[in-house]
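Structure first, commentary second.
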Amino acid sequence: MSSPTYPILPDPANARLTRLIEGTDHTGARAQISVVEERPLTIYLNRQEIVTAMTIGDYPELLALGFLRNQGMLLADDVVTGVDYDDEIETVVVRTQRETSYEEKVQKKTRTSGCAVGTVFGDMMEGLEGVTLPPAQLRTSWLYALAREINTTPSLYLQAGAIHGTVLCHQDQPLVYMEDVGRHNAVDKIAGFMFRHNVPAADKILYTTGRLTSEMVIKTAMMGIPVLASRSGFTAWGVEIARQLGLTLIGRMRGQRFICLSGEDRLLRDIDPASVPPEDGKHRRKGAGQ
């Protein structure tokens with residue numbers, strides 16, 4: 001398989017992902033806005049139906065692979081022989097060379113979440129056994145550069161809003177930018193990309209517009225990424241797990257400001273925050289008021 005060419009960016013021109021809807025504004029005048037689409041995607045692991053996710057519909061194969069990997073249903077030594085997507089019935093089937101350990105253990109689980117696919121928390125905690133994250137150093141100049149670049153990149157968010165973004169980064173360079181209605185979906189697409197292309201994780205940063213919850217921290221750790229950064233805030237359990245795992249956790253990244261609640265000793269403050277330009281109001285994303 002050939003190596004991917006970076007960066008991989010959102011495609012806000014993809015007409016399948018948004019729809020123009022007409023209504024009225026605060027004055028009573030007719031108004032037309034671009035609204036993000038939402039459609040079901042059913043994921044199978046061989047013959048086992050796993051979950052139906054609500055998603056914007058792009059990169060279904062990556063979403064399926066990443067979800068199964070992050071749930072611990074698809075292990076590193078499982079040989080994937082095919083990922084088949086049927087657009088008409090909106091279904092992805094991930095096929096492996098042999099029956100997976102998950103299929104041997106359980107028939108079917110039902111998952112619900114307020115933010116798309118969500119997670120099965122017990123399964124994910126089991127997957128953390130033996131996970132060791134590298135003590136990667138993080139330069140603050142990288143954080144500021146990433147925030148500026150990501151916030152000004154053409155995206156579905158800037159076009160229509162109501163969507164989360166997640167970006168795989170190396171130092172100060174965004175590599176893969178995925179969006180979806182749920183932050184879990186966007187992260188799973190990144191995980192699927194890394195699995196499909198065998199992308200090393202030890203020197204990467206995961207940036208998200210979503211909250212830094214326990215689930216987000218666990219998914220990042222299961223992907224082997226040592227740094228998780230977000231525009232949004234934290235949950236206490238997310239911080240506790242990050243500290244246990246040795247994951248560097250950065251939140252409330254806006255303009256010249258951020259807060260580090262885990263991995264402070266790995267943070268290299270190599271730039272004066274006063275030299276960082278303030279964030280342009282038109283590019284502010286979800287979490288900017290938190």
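Structure values in brief
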read-out: In nm, spacing of pseudo-spin labels at residue 256 and residue 76 (7 Å Cα→C-beta vector); value: 4.3 nm
read-out: Per-residue Cβ neighbour rank within 10 angstrom, fewest leading, 260, 169; value: 260, 169
read-out: Global form of the range 1-99, assessed from the alpha-carbon gyration tensor, a/c cut-off 1.5; value: prolate
read-out: Ratio Rg/Rh [Cα only; Rh per Kirkwood] for the chain; value: 0.97
read-out: Quotient of C-alpha Rg and 2.2 N^0.38 Å, computed over the range 1-42; value: 1.84
read-out: Tensor-based shape of the range 138-283 (alpha-carbon gyration tensor, a/c under 1.5 rounded, otherwise prolate or oblate); value: rounded
read-out: Residues of the range 34-73 with amide N under 20 Å of the 7 Å Cα→Cβ point at residue 22; value: 34-37
read-out: Ascending count of other beta-carbon atoms within 10 Å, so fewest first, for 5, 152; value: 5, 152
read-out: Distance between modelled label sites at residue 128 and residue 87, nm, 7 Å Cα→Cβ extension; value: 4.0 nm
read-out: Alpha-carbon centroids, the range 135-176 and the range 33-77: separation in whole Å; value: 23 Å
read-out: Inter-probe distance in nm under a simple model that places probes 7 Å from Cα toward Cβ, at residue 280 and residue 32; value: 2.6 nm
read-out: Footprinting exposure proxy for 131, 187 (fewest neighbouring C-beta atoms within 10 Å first); value: 131, 187
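Each value in this text was obtained by applying a stated rule to the coordinates, not by laboratory testing. These figures come from a predicted structure and were not determined experimentally. Note that we place each Cβ from the backbone using ideal geometry, even for glycine, and neighbour counts take in every protein chain shown.
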